[in-house]
Structures are given as C-alpha cells and as structure tokens.
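Step one of this worksheet: look at the structure below.
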Amino acid sequence: MARRLMVIGLIVFALVAPVETWGGAGHHVVSRIAYSQMTSAAKQLVLDLLGDDDFVEVSTWADRVRPDRPETYNWHFVNIPYGAQAYDPARDCPPTERGDCVIAAIERARVEIVTASRPREARAESLKFLVHFVGDMHQPLHNIGNGDRGGNDVQTVIDGFVPAEGRGQPNLHAVWDSVLISRKGFDESALAARLIERLAAEPLDDPGGIDVVRWSLEARDLAVKYVYTYDGFQTMTLLGRPARLDAAYERAAAPVIDTQLMRAGVRLARILNAAAK
C-alpha cells in the first residue's frame, strides 16, 4: 500500500467537514500549513517515523489517547496567571501525576524525535505529541490561568448563534476552539489553502529560531487582549450570567485565530526542519 503521508502535499484534497480550529479540524489545518513549509528532509523524517500514518490525521491523536493516558493530561496547556509578567516553571509547570505543561512537553518531544537510541515507535509517538501540542499552544486559552479552566467554566451567549438541536450555548473555550471559525463558513481544505496562499504572498513577521516560552507568552497576551474582553469581565471572577459575545467581539477575534493557525503551522515546520538537520 502506498504511504498515505505523501497525499498531504495536495492541499486541495476533498475534505469538507466544518472547521473546528484546535478542537479538531484546526489541528489538521495547522498540519497542512506546516507541511507546505517543510523541507524535503523534514518530510522524509516524518515519513520515516510515521510510516503509513497520515501526518494530518495524527495531529489529533494526543486527544484520542488522553483518557487512557492521564499522565499526559496537563501536557496540552500551561496556566500562566492572567496578571503574570513572565513564565515561572516552578509555578506554571510543576510535575504532577497528570503531567507538567505544554511548554515542557514540546521541549521534550523535540529532543525525543531525533534521539537515535530510542525505538522508532517511541520516536513516532513523540512526533504525534509534538504536532498536537504545537497546535494547542497557539490557542490562547491553552496558555492562561484565570480560575475558569481555560474558559470551560465561562458560559456564553453569541449574537446570532443557533446551537445544534439538543445542545446549548457553548462555553468560552469551545467558542475559541470551534464556534468562531465554523461561523466563517470555510471548510477545512478551503481554510488551509487560503492561509497557505496568504503566507506565500506575505510571510509572517515572526523572529527566527525556536522559542517555545515566547510563543506561549505571546498567546497568553492574546487571551488578555482579545478573549477576556466581554462585558463584565473581572480577573479570577466568574460572571453570574453568561458572557455575551457580540459582533464586535467576533470581528476582533477572527484575524487572531487566522494568525495563530498560521503561526502554529510555520513554527511546527521550523521545529521539524531543524530536527531534520
């Protein structure tokens, strides 16, 4: 059977599920962007490690195994306090039975994928974690601690949003994971193609190098500037009512989400290109 990984280069292949950003399809978008930015050596490294597993599809593997791997739970996020000026590993990323944090997880995986003494299967697992966690880190609510479990405890009401039958209004985390992009009307392939075209026309103004802490603090600052701006917000305080997210909130959020998806893809490629050297 031909190795499925090679089909990723065909950005326009037919996949028309609604985009759910970092909740699902957004991880696929990040992987597609990354593949478009990877060197041939990086693509070969990925192919050698994953074999028949698809680079795009494995981007959600870490979520699928999370219930059976409780020691990986905290690897998906880091709780840098809302008012903090810097990242403090002892405060924000302590080792626990549920893992430490996404910053440490990415740094470990970067080393593990190129450690030749490790079995290929173990290196492949580290690659799957790496692909997912770079995507997770670029969702702003995965980087901030505000006493609301990354926005999961904040109920919302979105102007003009009609939930699916049997489902209520989403919480704030779900809004940034899926709702705001699904309301744009793009399918997964169209969004990926559009963002890749934007990068080709105007590359990101992003300092070179790999600085995972800076990336996390950058995303945390976006949470302060764009996520926690609903009426009535107070630090470390839950509203006694759902947070109303109006059209102005949605307009401000839209370019932030696009930029974070592009940054995640470009930076994932940067990590893999460096690893392939």
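The values are calculated or read from the model by the stated rules, or taken from the named source; none is laboratory data. Source: prediction; values computed, not measured. Virtual Cβ from ideal backbone geometry, glycine too; neighbours counted across all protein chains shown.
For the range 151-158, does any single residue satisfy the condition of being at positive phi, touching a residue at least 24 places away in the same chain (Cβ under 8 Å) and crowded, with 21+ Cβ neighbours inside 10 Å? Yes, that holds for at least one residue.
Yes/no per residue for (1) under 30 Å from T115 (Cβ atoms); (2) surrounded by fewer than 17 Cβ atoms within 10 Å (Cβ to Cβ):
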| site | (1), (2) |
| --- | --- |
| L130 | yes, no |
| N146 | no, no |
| G168 | no, yes |
| S178 | no, no |
| I181 | no, no |
| L191 | no, no |
| A201 | no, yes |
| A219 | yes, no |
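Checked against the criteria, A253 does not count as in a helix (DSSP H, G or I), surrounded by fewer than 13 Cβ atoms within 10 Å (Cβ to Cβ) and at pLDDT 95 or above.
Scanning the range 124-150 for residues being among the acidic types (D, E) and in contact with a strand residue (DSSP E or B) (Cβ under 8 Å, 6 or more places away or on another chain) gives a total of 0. I'd like to check something: does the range 83-104 contain any residue that is among the polar types (S, T, N, Q) and either crowded, with 16+ Cβ neighbours inside 10 Å or modelled with pLDDT under 95 (or both)? Yes, the range 83-104 contains at least one residue that is among the polar types (S, T, N, Q) and either crowded, with 16+ Cβ neighbours inside 10 Å or modelled with pLDDT under 95 (or both).
Just wondering, is there one or more residues in the range 203-216 that are in contact with a Leu (Cβ under 7 Å, 6 or more places away or on another chain), within 24 Å of A109 (Cβ to Cβ) and crowded, with 18+ Cβ neighbours inside 10 Å? No. For the range 211-256, a residue qualifies if it is touching a Ser or Thr at 6+ places or on another chain (Cβ under 7 Å) and either within 18 Å of G145 (Cβ to Cβ) or of a type in the set (G, A, S) (or both), and exactly one does: A243.
Looking across T235, T229, one residue alone is surrounded by fewer than 16 Cβ atoms within 10 Å (Cβ to Cβ), of a type in the set (S, T, Y) and touching a residue at least 40 places away in the same chain (Cβ under 8 Å). It is T235. All of V58, V78 fail the test of being assigned to a helix (DSSP H, G or I), at negative phi and within 17 Å of the chain's Cα centre (by Cα), apart from V58. Output yes when any residue across the range 86-94 is in contact with a helix residue (DSSP H, G or I) (Cβ under 8 Å, 6 or more places away or on another chain), of a type outside the set (A, V, I, L, M), without any contact (Cβ under 8 Å) to a residue 24 or more places away in the chain and within 18 Å of G24 (Cα to Cα), and no when none is. No, there is no match, as no residue in the range 86-94 is in contact with a helix residue (DSSP H, G or I) (Cβ under 8 Å, 6 or more places away or on another chain), of a type outside the set (A, V, I, L, M), without any contact (Cβ under 8 Å) to a residue 24 or more places away in the chain and within 18 Å of G24 (Cα to Cα). Scanning the range 194-201 finds no residues that are under 18 Å from the mean Cα position of the chain (by Cα), at pLDDT 95 or above, under 20 Å from Y82 (Cα atoms) and in a helix (DSSP H, G or I). Out of L268, L239, L245, one residue alone is modelled with pLDDT under 95 and closer than 26 Å to A84 by Cβ. It is L239.
Taking the range 29-55 as the range and being touching a residue at least 60 places away in the same chain (Cβ under 8 Å), in a helix (DSSP H, G or I) and hydroxyl-bearing (S, T, Y) as the test, the residues that pass are S31, Y35, S36. The condition of being buried (at least 18 other Cβ atoms within 10 Å of the Cβ) and closer than 15 Å to V134 by Cβ holds for only one of I80, I33, that being I33.
When restricted to residues that are of a type in the set (F, W, Y), closer than 28 Å to Q155 by Cβ and not in a loop (DSSP other than H, G, I, E, B), the range 207-245 contains 1.
Note on the range 88-169: enclosed helices (runs of 4 or more DSSP H) holding 2 or more residues that are within 30 Å of Q44 (Cα to Cα) and among the β-branched types (V, I, T) are 102-112, 120-137.
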